[in-house]
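Quick notes on the structure that follows.
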Amino acid sequence: MSRESLQWLNQNTLIGFTDQRGHAWHYRASEQGGEPNHYPGPIPVRDVIRRLFGWQPVEGTVESAFITEDGVTRVTDPARKAIIRPDTGAILGVFKQGYQIHDYAQWLVDNVATLLDDDLAIGSAGLLRGGAIAWVQVEVPETCTTDEGVDFRPFLLAASSLDGSLRTTYRRGATVVVCDNTLSAALNESGAWQIKIKHSSNSLGRITKAREALGIVHRVAEDFAAQVRALCRIEVTDRQWDRFLAELVPVPPEQGRSRTLAERRREALTALWRHDPRVSPWRGTAYGVVAAVNTYTHHEQSVRGAHRAERNMLRAVTGEFDQLDRDTLTLLDRVLDGVFTR
């Protein structure tokens with residue numbers, strides 16, 4: 001589920017509100033060092049700064065050396081600069097001189113503080129790729145519940161990078177307690193409100209445009225509830241579920257390890273569909289299908305590409321076949337033949 005090691009995730013991410021949504025999938029007490037990274041309630045801002053953003057990136061020169069007949073010659077590129085994490089010495093990125101550092105403490109904490117009121121708190125924060133990427137997620141402390149019984153919390157996500165892979169981004173969304181990543185992945189692709197700010201000389205002025213996010217964070221509850229309602233209105237019979245399962249997890253005809261693994265996976269998914277409280281309340285609906293596959297993916301096994309699988313799952317059951325991720329679509333590809341419409 002992650003390219004990061006368990007040790008990195010346990011020491012460089014902070015997870016809040018565990019009293020309401022439990023531990024993250026990567027939780028390992030033995031990997032956390034001298035201080036736990038999970039919090040029963042909101043994460044204190046001071047902990048985010050102290051534990052994650054207590055360093056400031058600095059600029060360095062870009063130099064190279066080559067051997068000639070006269071010895072070693074060193075050259076410096078005046079048009080480029082390196083972005084360095086000083087406490088580890090890691091070079092996080094190399095850019096043209098116009099690139100402006102967006103310090104995480106300022107852009108993901110201080111600037112976000114201008115968007116917040118007393119009803120919002122930090123739910124998660126973390127560093128990735130050695131500090132090249134960072135995020136802070138702010139959410140409403142109390143869980144919202146749709147008429148269909150789905151729990152979630154609206155959030156404002158702030159993320160940035162120092163390696164050029166991500167503009168500083170502020171976006172709205174909703175976290176589902178039982179399978180929060182499904183909606184997160186879907187919102188990333190379906191036009192959720194967001195503002196992206198380049199690392200340029202005039203970037204600081206654009207933060208004022210993000211202030212409208214505060215009202216949107218609260219209104220996103222209505223948007224998410226509507227999505228859940230639409231999925232719950234799509235009927236999926238047990239016969240359709242069986243057909244879908246046959247497409248999702250084909251069982252090889254020959255005896256062997258592959259057949260055994262496929263049968264076990266089918267049994268696990270069916271148990272979720274029929275009996276697990278994270279899924280069974282929505283059995284018989286498209287939302288139940290999404291919940292079953294997502295819960296299995298994130299809580300019953302650890303696989304890479306889970307987010308892409310979730311996006312494909314959600315789009316398949318909602319009929320957005322033209323938006324399916326063709327590069328990663330494998331087991332869900334045959335859903336296009338009409339598993340839920342035959």
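Working note: Cα atoms of region 8-99, range along each principal axis, descending, whole Å: 66, 29, 19.
May I ask you to order 98-108, 35-45 by the average number of other C-beta atoms within 10 Å around their residues, highest value first?
The densest-packed peptide leads the list: 98-108, 35-45.
Pop a pseudo-label 7 angstrom from the Cα along the beta-carbon direction at both ASP242 and GLU59 and give the gap in nm to one decimal. Computed distance between label sites ASP242 and GLU59 equals 6.7 nm. Across region 50-173, Cα-Cα distances exceeding 16 Å account for 68% of all pairs.
Amide H contacts under 5 Å for LEU14: ALA125, GLY126, restricted to partners 5 or more places along the chain or on a different chain, H placed in the peptide plane at 1.01 Å from N. With K and R counted +1 and D and E -1, the other residues having a Cβ less than 14 Å from that of ASP147 yield a net charge of -1.
No value in this document is a laboratory result; all are computed from the given coordinates. Values in this document were obtained by computation on a predicted structure and should not be read as measured data. Every residue, glycine as well, gets a Cβ built from its backbone with ideal geometry; the counts of neighbours run over all protein chains shown.
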